[in-house]
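Visitor: Okay, handing you the structure first.
Any read-out appearing in this document is the output of simple, stated calculations on the displayed coordinates, not a laboratory observation. What you are looking at is a predicted structure, and each value in this text was computed from that prediction instead of being measured. When we count neighbours, we look across all protein chains shown, and the Cβ atoms used for this are built from the backbone with ideal geometry, even at glycine.
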Amino acid sequence: MQQSAPRVRQPELAPLNPWPVRLLLLALWSGTLLVAALAVIAIAATRMYAGTILPGVSALGIPLGGLTESEAADLLRQRLSFGQGTTFTFRDGEKTWQFTAAELGLSLDADAAARDAMTAGRGEGLIGEITAQSLTWLNGAVVIPALIYDQSAALTVVTRLAAEVNQAGASGGLLIDGTSVSATPAESARALDIAATMRALDAVLTAMSGSAEIPLVISEAPASIVDLDASAALASAVLSGPITLTADDGFGGGLGPWTIDASQIAALLNVRLNVQADGTYRYAIELDFEPFRAYLETLAPGLISSPVDGRFHFNEATRQLEIIQPAAGGRRLDVDATLAELERVAVLTGDQRVARMQFTYIQPDYHNRVTAAELGITEKVAEAITTFAGSTANRRINIALATSKMDGIIIGPGEEFSFNRYLGELEASEGWVEAAVIFADRTGTGLGGGVCQVSTTIFRAAFTGGFTIIERNSHGYRVGFYEQGGFPPGLDAAIFTPERDFRFQNDTPYHLLIQADIYPAADQLVFRFYSTSTGRIVEIEPPRIASRVPPEATRYEVNQDLQPGQTLQVDYSAEGADVNVTRTVKAADGTLIRKDNIFTHYLPWGAIYQVAPGDARLSQ
């Protein structure tokens, strides 16, 4: 009979307690709710106080919560008793000196404090914002305004006081009365201890306690003034008499003189008693002519001369430049050096007290030693010829004068040539004479008649040379002088200074020399341009003439210099027309540089004859 196996009894497990888990979950849930609540509060506070300072923020006991940054800065400036206007009093016995905090270099930076207050209690990110705001709400936030202290400003003030105290403290010494100088030995002296006074001042300023009195720290000792006689001799020399200031006009002539008398010099004298390292005292005799700076600067414009470039011709045989008008240097008044010269002369005596104005000299761009090679002037690159046959004597004079003003000019790379700039004013004192000129719709007489012969010739050289034409004006009528020799219409250039000019640009990398020659026997004016050829190809099409209008009737004018029966034709009949002249400029390789057109509208023009007074043709 089988026996059954014995049963093993399993131990019973105790039931689990759910509360610890429940408590943990409850704590986590409560923390989450707290964080969420704080986040909601932080977000609400951020929105509520957007653009304003958070509650609890203050500066030096002044609440700033709820204010904007600018409001906080204004409030701090109003409430802080220690501002730039706060005064501090230095005392030496009964004598006092007052300075503001600003003069002593001290100020509070209210704007920076307001910026710090605005950022207080604000963090980065949600957690940072919650933390920063919570701490600010619970504990508050204190902003301390920065104290700005420029000690060098305070030291300047104390040093200035030292000059007064040291001088006032001496018994005897150097005495200057007007221009009289005397010296007596000193018995005692007082000197300001600058270092000790600065320490006392620093303590008051950094305490930020408002207005205060600072006693000057002064040492008193028997005086020992060294070199007293030498100081008196120097002061006597300075005040011994007037100083004469002279200058030349740059051309060998004299300017001035200007005189600074002894009483004016005395007003510029500064005498100070200084303490030496060995405890002795010495007088410093200083003379400051700085007050004369403004006066010298008023004289300066009349003493300036601009540098004058040399004028040259190019010798095609030697390939060298030849001077036709020497260069001249320019100058401007050196005020600082002139003041220094006055100070140098001031210590002299007798007849040596004469100072010369000092100048800075300016060299011209094209001096007398400049060479053709260094400027790139190596060959002829353009030429134009016009004829002035039939011109009156006065017109020839004006042509010659205008030509001389253009002859030998050098135009740098990229620079602009202006005819009127070199022509100057048309004044009789400059040699200009009356000759026929065109005013609007009629011919009359005026100073400089014939100048357009020169501007037209230069224009044609620039046009055929391929240079950039910036400004060109035409005559109202076709002028016979500019069509002599078979030249077509449409290539004249009228000027009327200063309103109408002729201008072109030297648009090459080389300097350009403008050279002029007049051939009276042939009645010809020639302008040649010298430079280095860029290989440009210039193509000028024949003029296209349209809208032709017949000439007007012949006119007769009185010429008081003519005898009965004599006749002088001063202008020729010409039809009116619209004229176009096209120019194409190409590089050496055929690449197009520019294509431009010169347009001219001519009114019809009748021949003009000058006759003697009483000529029957004047009534026609």
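Visitor: Roughly how compact is the stretch 287-422, stated as its Cα Rg over 2.2 N^0.38 Å to two decimals?
Guide: Compared with the compact-globule rule of thumb, the stretch 287-422 sits at 1.60.
Visitor: Same structure again: Going 7 Å from the Cα of Q276 along its beta-carbon direction, which residues of the stretch 227-243 have the amide nitrogen within less than 11 Å of the resulting point?
Guide: What the label zone holds, given the 11 Å backbone N cut-off, is 227-228.
Visitor: Okay, moving on. Report the paramagnetic label zone for Q151: residues of the stretch 85-113 whose backbone N is under 16 Å from a point 7 Å from Cα along the Cα-to-Cβ axis.
Guide: Once the point is set 7 Å along Cα→Cβ of Q151, 104-107 turn out to lie under 16 Å by backbone N, inside the stretch 85-113.
Visitor: So for the stretch 512-620, what percent of the C-alpha to C-alpha distances run longer than 22 Å?
Guide: Value for the stretch 512-620 (Cα pairs over 22 Å): 64 percent.
Visitor: Around V271, with a cut-off of 14 angstrom between Cβ atoms, what is the net charge of the other residues, counting Lys and Arg +1 and Asp and Glu -1?
Guide: -3
Visitor: Sticking with this one: If a paramagnetic tag sat 7 Å from the Cα of E379 along the Cα-Cβ line, which residues of the stretch 523-546 would have the backbone N under 19 Å from that point?
Guide: Only 528-539 fall inside the zone, counting backbone N under 19 Å.
Visitor: Continuing with the same structure: Calculate the all-directions average of the projected area of the stretch 374-452's alpha-carbon convex hull, and give it in nm².
Guide: Result: 7.1 nm².
Visitor: Continuing with the same structure: Once the Cβ-Cβ distance between A616 and D596 is put in as r, and R0 is 45 Å, what FRET efficiency do you end up with, to the nearest 0.05?
Guide: The value I calculate is 0.35.
Visitor: Quick check: net charge around D578, other residues with Cβ under 10 Å of its Cβ, Lys/Arg +1 and Asp/Glu -1?
Guide: +2
Visitor: OK, next. Report the gain in length on full extension from I304 to T318: 0.36 nm times residue separation, minus Cα-Cα distance, nm rounded to one decimal.
Guide: 1.3 nm
Visitor: Further question on the same structure: Rg/Rh for the stretch 369-514 to two decimals, with Rh computed the Kirkwood way over all alpha-carbon pairs.
Guide: Radius of gyration over Kirkwood radius for the stretch 369-514 works out to 0.97.
Visitor: What number does the stretch 210-328 give for Rg over Rh if you use C-alpha atoms and the Kirkwood radius?
Guide: Rounded to two decimals, Rg/Rh equals 1.33.
Visitor: Sort 526-538, 267-279 by the packing proxy (mean of other Cβ within 10 Å over each peptide's residues), most packed first.
Guide: Per-residue mean Cβ counts within 10 Å order the peptides as 526-538, 267-279.
Visitor: Give me Rg over Rh for the stretch 344-392, both radii from the alpha carbons and Rh done the Kirkwood way, two decimal places.
Guide: 1.46
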